[in-house]
1. Which of (1) of a type outside the set (Ser, Thr, Tyr); (2) modelled with pLDDT under 85; (3) touching a helix residue (DSSP H, G or I) at 6+ places or on another chain (Cβ under 9 Å) is the odd one out, the single condition Asp88 does not satisfy?
2. Looking only at region 51-64, filter to residues that are surrounded by fewer than 16 Cβ atoms within 10 Å (Cβ to Cβ) and in contact with a helix residue (DSSP H, G or I) (Cβ under 7 Å, 6 or more places away or on another chain); which one of those is modelled with the lowest pLDDT?
3. Taking region 1-50 on its own, how many of its residues are under 16 Å from Pro75 (Cα atoms) and either touching a Gly at 6+ places or on another chain (Cβ under 6 Å) or modelled with pLDDT under 75 (or both)?
Amino acid sequence: MVNLPSDFSLTERADADSINDDFKSLEEFDVSEYLNVAESLNFLILNQHRQVVFMGSDIEKAFEMPKNEILGKRPGEIFNCIHSDETDGGCHTGKFCSKCRAQKAIIKSQFGGDVTKEECRIISKDGFVIELKILTSGYNFKDKDYAIFSILDISKTAQSE
C-alpha cells in the first residue's frame, strides 16, 4: 500500500494485486446479479481506499474506458475531475475534496453503513460540467467492507431546470 500526502482524506491505495483479487472474487459471485442495483448498471464498488474494484456492465461504455483503466481509480479520476490531481494522493485528497458531495456520500456509507443520496457537480479538466445523482451504500462481502456508488447523470435534466 502507498500512503501519500493529503489535504483532506486518507491517501492509502491498494496495490494492483489486491484490486484484481477483489475484482475476481466479486465477479465469481456475480455481484451485479445479487445487488440488482437500479435498472441501469451504472455503479462502482469501491474498496476501503475508495478505489474501484468492480463495476456495473454499463460503466465501460459510459466512460469510454476499458475495465483495466477503471479498476484501481477513484471516482474523480474516472470523471477527470479538475481537483483529482491537485495533490499526489489523487482524488479525495485535495482541499476542495472536503466539500465534494460524492466524497461525503462515500465516507458516510463506508464508515456508517448509511444509504446516502446526494447530487453533485463535477467540472472535468476538459471544461465539461457533469451533474450527478449519487446513491451510496455500505456493502460487506467475504468480511471486507465496500461502498456501492451508483451514478445517474442528470446533466441535461439539471440544465433544463
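The values are calculated or read from the model by the stated rules, or taken from the named source; none is laboratory data. Only a predicted model underlies this, so the values are computations on that prediction, with no experimental measurement involved. Don't worry about glycine lacking a Cβ; one is built from the backbone with ideal geometry, like all the others, and counts go over all protein chains shown.
1. Result: Asp88 passes all but (3).
2. Ser57
3. Residues of region 1-50 under 16 Å from Pro75 (Cα atoms): 8-14, 19, 41-50.
Okay, now just the ones that are also either touching a Gly at 6+ places or on another chain (Cβ under 6 Å) or modelled with pLDDT under 75 (or both), so 8-11, 19, 41-43.
Summing the residues that are under 16 Å from Pro75 (Cα atoms) and either touching a Gly at 6+ places or on another chain (Cβ under 6 Å) or modelled with pLDDT under 75 (or both) in region 1-50 gives 8.
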